[in-house]
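Asks: Would you mind keeping the following structure in view while I ask a few things?
The values are calculated or read from the model by the stated rules, or taken from the named source; none is laboratory data. Note that the structure is predicted; figures quoted are calculated from it, not measured. Note: ideal-geometry Cβ built from the backbone for every residue, glycine included; neighbour counts use all protein chains shown.
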Amino acid sequence: MANETYTPPRVWTWDKSNGGAFASINRPIAGATHDKELPRGKHPLQLYSLATPNGVKVTILLEELVELGLTEAEYDAWPIRISDGDQFGSGFVEINPNSKIPALLDTSVTPEIRIFESGSILLYLAEKFGHFLPKDIAGRTETLNWLFWQMGSAPFLGGGFGHFYAYAPEKYEYPINRYAMEVKRQLDVLNRQLANHRYVAGSAYSIADMAIWPWYGALLNNKVYGAAEFLDVESYTHVRRWTDEVAARPAVQRGVMVNRTWGEAHEQLPERHDASDFAR
């Protein structure tokens, strides 16, 4: 383990070859790098995403809505291959100037509405279709409490712990310990909440569960970072119970496949244009 200390320069400059798993696509500027129009399908909802935890949140909700029989929630899902820089294409940047997946275009209204940031998309769809967000003020507020908890907490799990534990070019004790401590604190927050509630925000399955499960359920199932043993995730027994219950939902099982371009062939559905796509 390296012990060298780092003295920050007076003015930071970008080192394009700084190493790390995503050095080739990370940069300190925004905007498009190339012209590329986005494809469009037959449905009013056009999703541009990838089956990372943030992307899976939205496909789970869309599949849950379709399973309820809401034909208006049918959607086309197009893969945005972030390792190839698709998120910097001009068409994608028009929908999401932040160049992050997922991004959604609702063409059922005039003018069309762009929605970006996964939490915003979940809230938009829940309000548009009237499901998975309680209508009473107490239930709605509690659900939004946990939705925004996830939006604020996940960067410590992903960009913090995940980066330094799994992706950084060198392993350093301090950042790994710092973020491991925070992730375990977050797991304890969830475990205490789920000790007294079937789902995160109460007795009803909601967009809070759909936001949190792709990150923390994946952590418990060792689907991200290979850190399940390191973090002793099985000690969070109530999170384990909830993780398994959500994972058993058919819509969740379909949602994690959409825009997935890696893994076993039966786990992947890079593009999704119709419910029958899963049968193929």
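Asks: Here is a list: Ser99, Ser49, Ser108, Ser118. Which entry is among the hydroxyl-bearing types (Ser, Thr, Tyr) and surrounded by fewer than 16 Cβ atoms within 10 Å (Cβ to Cβ)?
Replies: When all the criteria are applied, what remains is Ser108.
Asks: Quick check: is even one residue across the stretch 233-244 under 16 Å from the mean Cα position of the chain (by Cα) and modelled with pLDDT of 95 or more?
Replies: yes
Asks: Just checking, how many residues over the stretch 220-259 are touching a residue at least 60 places away in the same chain (Cβ under 8 Å) and assigned to a loop (DSSP other than H, G, I, E, B)?
Replies: The qualifying residues number 9.
Asks: For the stretch 177-202: of the residues being among the small types (Gly, Ala, Ser) and either outside the structural domain of Gly217 (by TED's automatic domain parsing) or outside any helix (DSSP H, G or I) (or both), which is nearest to Phe156 (Cα to Cα)?
Replies: The residue in question is Ala201.
Asks: Still on this structure, please answer the following. Pick from Met181, Met210, Met151: which is out of contact with any strand residue (DSSP E or B) (no Cβ under 7 Å at 6 or more places or on another chain), closer than 24 Å to Met257 by Cα, surrounded by fewer than 18 Cβ atoms within 10 Å (Cβ to Cβ) and modelled with pLDDT of 95 or more?
Replies: Met151
Asks: I would also like to ask the following. Under 6 Å between Cβ atoms, which residue pairs at least 6 apart in sequence (or on different chains) link something in the stretch 182-208 that is closer than 19 Å to Lys135 by Cβ with a partner that is of a type in the set (S, T, N, Q)?
Replies: Correct list of pairs: Ala201/Thr143; Ser206/Thr143; Ala208/Thr143.
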